[in-house]
Each structure stands twice: as structure tokens, then as C-alpha cells.
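**Q** The structure that follows is given in the form of C-alpha cells.
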Amino acid sequence: MPRPIRQRLKTAYADIQKYENEELDTIPLYYQQLFIYESNRVNRNGHGYGNEQYNYDWGIVDWTVEPDADGKKVLYTNTAPAQFFEQPWLNLGIWIHNKVVFDHLLVADGSLTSFSPQLAESYNVSEDGMTVSFTLRDGLTWHDGSPLTVEDVAWSIKTAMMIPTVNPVVSNTIHSIEGADAYSDGSADDVSGIALDGNTITLTFAKLDPNVLLTFSQFAPLPAKYFPDIDPLQIQQSSFWQKPIGSGPFMVKEVKMNDFTTMVPFPDYFGGVAKIDEIVAFPSGDGDGNLLKNAGAHKADYGFTKNTADVSALEDMDFMKVTPADIPYTRMMWINHYPMK
Amino acid sequence: MLTYVIRRILILIPMALIISFLVYLGLELTPGDAVSHMISPEMMASISAERLDALRVSLGLEQPFIVRYWIWLQGMLQGNFGYSTAGGVAIHAILADRLPATLELSAVALVFSTIFGCVLGVISALKRGSTTDNVLTVTGMLGVSIPEFFFGLVAILIFALKLQWLPVGGRLLPGYDSYWDHLPHVIMPALVLSIMMTAGVMRYARSSMLDALSKEYIKTARSKGLPEWRVNLLHGFRVALTPVIVLIGFRLPVLIGGSVIIEQVFQWPGVGSEFISAVRSQDYPLVMMIALLSVMAVLTASLLVDILTALIDPRVRLDK
């Protein structure tokens with residue numbers, strides 16, 4: 001290769017590197033697939049599959065499990081807490097309690113693109129997309145029997161504005177609400193874009209956010225009365241997260257941190273009482289190092305994994321079924337992201 | 001003796017301080033902090049630096065390293081173990097939850113290994129050079145050299161997955177009302193944990209028994225016409241026990257620190273697995289407390305061994 005061309009290539013390569021170092025802080029590395037596994041004891045009774053790391057209409061109230069010797073229908077799974085229940089605004093659907101203990105204003109389909117009411121009886125989006133209102137169902141209660149109100153929903157949205165440990169999509173939506181920035185930086189006492197009227201909460205947006213409905217299919221309202229005078233930044237440190245009270249089809253019954261958590265059907269659930277008698281969850285993250293051992297011992301009836309080695313082993317168990325969810329993730333490499341110490 | 005004990009206790013304090021400082025420094029030198037563990041890189045990329053800083057301030061992470069260490073130390077001196085950074089749970093509550101599990105597992109393993117190790121070591125010594133001795137020696141070597149996680153996985157495969165005699169892991173299940181309900185859970189991890197300990201005790205007991213049996217007083221006992229079992233057990237084994245007790249004494253810290261590997265393999269909710277998770281999440285107060293407990297256990301065990309040695313063997317003079 002002639003020397004001038006070589007020199008030009010060298011210069012161009014250096015320019016690319018300079019651009020990457022100065023301008024790009026993420027580089028896509030590879031795609032990762034998600035797999036849902038189920039034992040042959042579980043029957044979804046026709047309900048579909050979707051992105052298990054988020055919340056979608058999976059119809060768990062209708063699921064059934066083969067009864068054990070005592071006639072009890074127990075579903076074994078993982079992603080129970082080891083030390084505390086993670087608040088549900090960060091990793092939206094990873095933990096089993098986020099999926100079954102907390103409900104949302106809306107519910108998404110498996111592809112997270114179509115929405116229908118859940119805690120909300122109805123919702124309305126203005127033509128310009130700048131105003132969204134949700135009307136709650138009548139008679140909604142938390143698991144402790146106290147009423148679930150629009151005040152709880154408003155408190156949850158305002159609290160989530162104050163903390164960084166909120167999923168970015170959700171965070172972007174709630175920070176698009178009119179007056180959110182003034183409220184979160186302390187220059188306003190309330191959020192001008194949140195209005196309550198009877199059983200209806202209306203959100204007025206300062207800028208258009210295309211993910212409003214997606215956000216409210218993932219954002220779980222919390223019972224405000226359990227967090228009196230809490231510093232929002234310390235919300236995860238509240239004792240509430242040792243045994244949370246939610247609004248979903250299952251309520252937390254027994255917690256032995258780092259051992260197991262049991263969840264039983266919420267008898268007053270608006271969508272009917274779940275057919276499974278008990279969910280027993282063992283602690284793990286979404287990457288469960290003990291998955292194969294527990295599955296082999298019939299102590300893993302449902303869950304998801306992104307570990308392809310686990311998938312192969314699960315498929316070799318004749319009582320397990322693995323369903324790939326067509327929702328590839330992109331893994332990224334972050335450059336110069338963390339400050340040097 | 002008393003002067004020695006007081007001196008040793010006084011030495012424990014600066015040693016514990018130095019070690020705690022080194023552990024804190026080690027944590028500080030690792031990349032990231034508790035906040036970078038709480039929030040995934042994907043999310044971190046879209047959160048402003050100001051909001052992250054606010055979270056750091058609320059968790060007390062904005063202070064310089066030495067100030068944070070000093071605050072932690074002050075709390076410790078006042079009996080305040082602090083709170084876990086990750087979930088705000090009081091550390092004394094976490095330890096109250098995890099320590100019984102670790103104590104249970106380690107105590108059972110310690111008892112198993114002491115009994116089996118001593119019995120097999122004595123048999124090996126009494127049958128020196130025989131096939132039994134050779135088999136036990138080789139078995140002991142294998143026990144010491146094969147990693148315990150391997151034994152653990154093989155045991156799970158055979159006894160839990162194939163034979164289904166024992167549970168695959170964990171300590172408790174819903175509906176357990178008594179200790180007997182969860183006894184099957186402790187058997188496998190305790191036996192696996194005791195394998196390496198048994199092998200060590202056995203080899204130690206064998207060599208000290210052989211040493212004791214070669215002493216003049218054993219010959220004297222035999223010449224007096226005492227039955228062989230009396231000579232071996234009352235005269236030989238009693239003396240051979242001293243170094244074995246020292247070895248077991250040095251293993252006492254495992255009662256507090258737990259077995260990190262075995263707890264992970266068997267999903268045992270003890271201090272060891274909690275320590276791993278606390279290090280991963282850079283939960284400084286929790287890591288420091290567990291590390292400090294382990295350090296104190298090691299130092300105390302070392303002191304106890306010295307005292308026991310002096311009590312058992314009159315030739316040892318601790319004051320000199």
C-alpha cells in the first residue's frame with residue numbers, strides 16, 4: 001500500500017478513536033435472548049408469553065398448578081429477596097413480588113405495545129397527547145384492607161420524581177409532567193401538572209412523552225400511609241420493604257429473608273381470587289446460580305433466564321418446558337462512565 | 001497467666017483496628033460504590049450526575065474515605081453497628097438472622113469432624129502400616145486436596161437429585177414447625193463441610209497418636225500389664241489429644257465467619273453468603289461488621305488455644 005494512503009488511513013483511524021473516546025459513551029456489544037421456563041406442573045390456561053423483565057397481561061390469576069400430596073397447589077419460583085424487597089420502580093418486572101404483589105394503572109400485552117385498564121377502570125389521552133387521566137375502579141383496596149386512592153397514586157408519582165432509582169423510561173415520563181422539575185428541585189411545593197378529582201387523576205404534560213401508557217403499565221402505586229415524612233431518597237431504606245403491602249393478585253404471607261418468601265392469593269382482588277394456593281419463592285437475582293439444582297429437585301416451576309447454558313440443561317429435563325421470548329436485549333459497553341477515584 | 005491474658009487482650013484492640021482499616025481501605029479501592037451497585041449501568045447512563053450525587057449524600061457516601069471510616073468506628077465504639085446501605089436494615093438484625101444459621105451448620109460440622117477425625121486417626125495409628133491405615137491415609141489426602149464445592153455438587157447430584165433422600169439446599173421451607181422438620185437440610189452441607197475438617201483432624205490425630213505411643217510411659221504402662229485398650233485410650237490418646245485440641249481451636253472462627261463456599265453451594269442463608277452479597281453491593285457497614293466479627297473470632301480463638309495449651313501442658317509458660 002502506498003505510503004500516503006497508509007498515512008491517511010492511520011489518521012482516519014486515529015480520528016475514529018478520538019471520536020469514540022470523546023463522544024460515545026456506549027458501544028453495543030451483543031444481543032441477548034430471554035427464555036421462560038415452566039415445569040409440567042404449571043398450566044397457564046391459555047395466557048400468553050411476553051417480556052418477563054417487565055409487567056404484562058400474563059393472567060396469573062387463572063394459572064393452575066398440579067396439587068402436591070396434601071392437595072395444595074404450590075408454585076415454586078425464584079427472585080425472592082435476600083435482605084429486603086426492592087422497591088418496584090427500578091427493576092420493573094425482575095422480582096417475583098413486582099409481578100404479583102403490585103398492580104399498575106394499566107396492563108400491557110406481551111409485546112408492551114397495547115394497553116388496557118388494570119387498577120384504572122378507564123383512562124383517557126387527549127388528542128395532542130399532553131393530558132392523560134385515569135379513573136380508578138371503585139372499592140380498590142391494599143392488601144391490608146385500606147382503600148387504594150388517587151392520593152396514593154399522586155403521592156407515588158411525586159415521590160418517584162425525587163429519586164434517581166427509578167427506571168429511565170418511567171423517570172422520563174414523570175419528569176415530563178408539568179411542574180415536575182420545579183417540584184423535584186425544591187422550588188415548588190406541589191406538582192402543577194397533577195390534578196385530583198374524585199376517583200380520577202389527571203396528568204398534564206409539559207412535553208410530549210411517547211411512553212406515557214407504557215410507563216403506567218409498569219409503574220406501581222404504593223400505599224402512602226406507610227411512608228409518613230420519609231425522605232424520598234431513603235425510600236428503599238424503609239422497614240416497609242421487609243414485608244410490603246401491595247395491590248396485586250397475591251399478597252406477601254411469610255418472609256424468611258434469604259430463605260424463602262411465600263405469597264398467597266389476595267381474597268379481595270378485583271380480578272378474582274388466584275387459583276394457585278401459594279407461591280414459594282427462593283432468593284436469587286435474575287441470574288440464578290441455583291436454578292438447575294432447584295429445577296432438578298422440582299423446586300422451580302416458573303421463571304426466566306438469559307443464560308443459554310441453563311437453557312440447554314433445562315431443555316434436557318423432560319418435565320421442563322422452555323419458551324424463548326422474542327425480545328432481544330442489547331448489552332452495551334460504557335466508556336469513561338464512572339468517575340475515577 | 002493472668003498478665004499474659006490481659007496483655008493479649010490489649011493487643012487484640014490495635015490489631016482489630018488495623019485490620020478493620022485495611023478492610024475499609026480495600027473496599028474503597030474497588031471501583032464503584034453502593035450507588036453504582038443499586039443502579040444498573042443501563043439506567044445509570046440516563047440519570048443526571050446531580051441526582052446520583054443527591055443519592056450519595058443521602059447515604060453518607062459523599063464524605064472523604066477517612067471521615068466515613070471515623071464515623072463507622074465511632075458508631076462501633078458506641079455499640080451502634082449501623083445499617084445496611086443497600087436496604088436500610090439494622091445490621092444487628094441481619095446478624096441475628098444469619099448467625100444462627102452459620103452457627104448451626106458449623107457447629108454440626110465441627111462435631112462431626114472432631115468425632116470422625118479422632119476415631120479414624122486413632123484407628124489409623126493403631127493399625128500403622130496395615131491396609132486400613134493406607135486406605136485411611138489416602139482417603140485423608142483426598143479429603144484435604146479435593147475442593148469442598150466439588151464434594152458439595154457431587155453430594156447434591158447423588159443424594160438430592162438422584163436418590164432424593166435429602167433436600168437440594170436451603171435451610172427452611174414454609175410449614176416447618178420444629179427443628180426436626182429442617183434437620184434433613186443441615187445434614188448434607190454439614191457433612192460436606194466436615195469432610196475437609198475430618199481429613200485434617202484425622203491426619204493430625206494419627207501423627208500425634210503415633211508420637212504418643214512411642215513414648216516411654218506407654219512402654220511402662222504395658223509392662224505393668226494394663227490391657228491394651230487402656231494403654232491406647234487412657235494413656236496414649238489422652239496425650240495425643242493436646243495438639244488435636246489446638247487444631248480444633250483454630251477452627252472455631254468458622255463458627256462465626258461461616259463457610260462461604262458451602263453456604264453458596266447449598267443456598268444456606270448464613271453469614272458467609274451474606275458477606276459475599278455485601279461485598280458485591282459494596283455495602284460498607286455490613287462488610288465491615290462481618291469482617292470485624294471474623295477477625296475477633298480468629299484472634300479470640302488464638303488466645304483460647306494459647307490458654308488451653310498452657311492448661312493442658314504444664315511445660316508451657318505463658319508469662320515468659
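The numbers here are math on the coordinates, done by the rules we state, and not lab data. Not measured: the values here are computed from a predicted model. Cβ placement follows ideal geometry from the backbone for every residue including glycine, while neighbour counts extend to all protein chains displayed.
**Q** Can you return the lysines within cross-link range of A:LYS18? Criterion is Cα-Cα under 22 Å, with same-chain partners fewer than 8 residues away left out.
**A** Partners found: A:LYS10.
**Q** Could you give me the ³J(HN,Hα) list for region A:294-307, computed from phi with Karplus coefficients 6.51, -1.76, 1.60 and θ = phi - 60°, whole Hz, x at Gly and Pro?
**A** Coupling constants for region A:294-307: 5, 5, x, 8, 6, 10, 9, 8, 8, x, 9, 8, 10, 8 Hz.
**Q** Mind grabbing the base-10 log of I(q)/I(0) for region A:115-202 at q = 0.14, 0.18, 0.25 Å⁻¹? Debye formula, identical points on the C-alpha positions, no solvent, two decimal places.
**A** -0.54, -0.88, -1.35
**Q** How large is the Kirkwood hydrodynamic radius of region A:157-266, counting all unique pairs of alpha carbons, in Å? Present the calculation step by step, with values, prior to reporting the outcome.
**A** Working: mean 1/r = 0.0634 Å⁻¹.
Across region A:157-266, the inverse of the average 1/r is 15.8 Å.
**Q** Now a separate question. Over all distinct alpha-carbon pairs, what is the Kirkwood Rh of region A:178-333 in angstrom? Don't skip to the answer; put the middle values down first.
**A** Details: mean 1/r = 0.0499 Å⁻¹.
It is 20.0 Å.
**Q** Still on this model: Quick one: Cα centre-to-centre distance for region B:264-299 and region A:59-125, in angstrom?
**A** When both Cα centres are located, 32 Å separates them.
**Q** For region A:172-260, which trypsin sites (Lys or Arg not before Pro) are both in a DSSP coil and crowded by at most 12 other Cβ atoms within 10 Å? Working shown, then result.
**A** Numbers: sites: A:LYS207, A:LYS225, A:LYS253, A:LYS256; in loops: A:LYS207.
For trypsin sites (Lys or Arg not before Pro) across region A:172-260 that sit outside H, G, I, E and B with at most 12 neighbouring Cβ atoms in 10 Å, the list reads A:LYS207.
**Q** Stokes-Einstein D for chain B at 20 °C, 1.002 mPa s, Kirkwood Rh over Cα pairs, in µm²/s? Display every interim value, and only then the final one.
**A** Numbers: Rh = 22.8 Å.
For the chosen part, D equals 94 µm²/s.
**Q** Please state the Cα pair-distance histogram of chain A with 20 angstrom bins from zero: what percent is in each bin?
**A** Using 20 Å bins, I get a P(r) of 27, 53, 17, 3, 0 for chain A.
**Q** Shifting gears a bit: P(r) for region B:97-165, please, calculated from all Cα pair distances in 10 Å bins and given in %.
**A** Reading upward from the zero bin: 17, 32, 37, 12, 1.
**Q** Also, I was wondering about something else. Using the Kyte-Doolittle scale, find the helices of chain B whose mean hydropathy is at least 1.6 and whose Cα atoms extend 27 Å or more along the helix's long axis, counting only whole DSSP H runs. Present the calculation step by step, with values, prior to reporting the outcome.
**A** Working: long enough: B:2-29 (41 Å, 1.92); B:91-126 (50 Å, 1.65); B:179-213 (45 Å, 0.71); B:284-312 (41 Å, 2.21).
Span-like helices, by this rule, are B:2-29, B:91-126, B:284-312.
**Q** Can I ask one more? What does the helix-only formula give at 222 nm for chain B: each DSSP H stretch with n ≥ 4 adding -39500 (n - 2.57), the total divided by the residues, and the result rounded to the nearest 500 deg cm²/dmol?
**A** Numbers: 15 runs with 225 residues, N = 320.
Mean residue ellipticity at 222 nm (helix-derived): -23000 deg cm²/dmol.
**Q** Express in % the proportion of alpha carbon pairs of region B:170-261 at distances exceeding 22 Å.
**A** Numbers: 2123 of 4186 pairs.
Across region B:170-261, Cα pairs with separations above 22 Å total 51 percent.
**Q** Using the Cα atoms of region A:48-110, I'd like the radius of gyration and the largest Cα-Cα distance, Dmax, both in angstrom.
**A** Over region A:48-110's Cα set, Rg and Dmax evaluate to 13.3, 39 Å.
**Q** Averaged over peptide A:292-302, how many Cβ atoms belonging to another chain are found within 10 Å of each residue's Cβ?
**A** Working: counts 2, 10, 4, 2, 7, 9, 3, 6, 0, 0, 0.
Whole-number average of other-chain Cβ neighbours for A:292-302 is 4.
**Q** Two decimals is fine: what's Rg over Rh for region B:2-77, C-alpha atoms, Kirkwood radius as Rh?
**A** Working: Rg = 17.9 Å, Rh = 15.0 Å.
Rounded to two decimals, Rg/Rh equals 1.19.
**Q** Same structure, new question: For A:VAL107, list long-range residues whose amide hydrogen, built 1.01 Å from N in the peptide plane, is under 5 Å from its own amide hydrogen.
**A** Under 5 Å from the amide H of A:VAL107: A:SER116, A:GLN118.
**Q** I need to check one value: relative contact order of chain A, counting alpha carbon pairs closer than 8 Å and at least 6 residues apart, in percent.
**A** Details: 659 pairs, mean separation 105.3, N = 341.
Result for chain A is 31 percent.
**Q** Hey, could you pull the Cα Rg and Dmax for region B:1-140, both in Å?
**A** 24.4, 74
**Q** Which value at 222 nm does chain A reach when only helices count, each DSSP H run of 4 or more adding -39,500 (n - 2.57), with the total divided by all residues and rounded to the nearest 500 deg cm²/dmol?
**A** Working: 8 runs with 72 residues, N = 341.
That calculation yields -6000 deg cm²/dmol at 222 nm.
**Q** Tell me which of B:ILE13, B:PHE65, B:VAL23 sits at the most positive position along the dipole axis of region B:2-77, charges placed on C-beta atoms (Lys, Arg +1; Asp, Glu -1).
**A** B:ILE13
**Q** Continuing with the same structure: State the antiparallel share, in %, of DSSP beta bridges confined to chain A, rounding to the nearest 5. Can you show the working numbers first?
**A** Details: 46 of 51 bridges.
Close to 90 percent.
**Q** In whole Å, largest first, what are the principal axis extents of the Cα atoms in the protein assembly as shown?
**A** Each principal axis gives a Cα extent; for the protein assembly as shown these are 109, 70, 63 Å.
**Q** Another question, then. For chain B, what number of Lys pairs, 8 or more residues apart or on separate chains, have alpha-carbon atoms under 25 Å from each other?
**A** On the way: B:LYS127/B:LYS215; B:LYS127/B:LYS219; B:LYS127/B:LYS224; B:LYS215/B:LYS224.
Taking chain B as the scope, the lysine pair count is 4.
**Q** Could you list, in their original order, any pairs among A:LYS73/A:LYS321; A:LYS225/A:LYS256; A:LYS207/A:LYS243; A:LYS72/A:LYS99; A:LYS275/A:LYS321; A:LYS73/A:LYS243 whose Cα atoms are separated by more than 28 Å?
**A** Working: A:LYS73/A:LYS321 19 Å; A:LYS225/A:LYS256 25 Å; A:LYS207/A:LYS243 37 Å; A:LYS72/A:LYS99 22 Å; A:LYS275/A:LYS321 21 Å; A:LYS73/A:LYS243 23 Å.
Exceeds cut-off: A:LYS207/A:LYS243.
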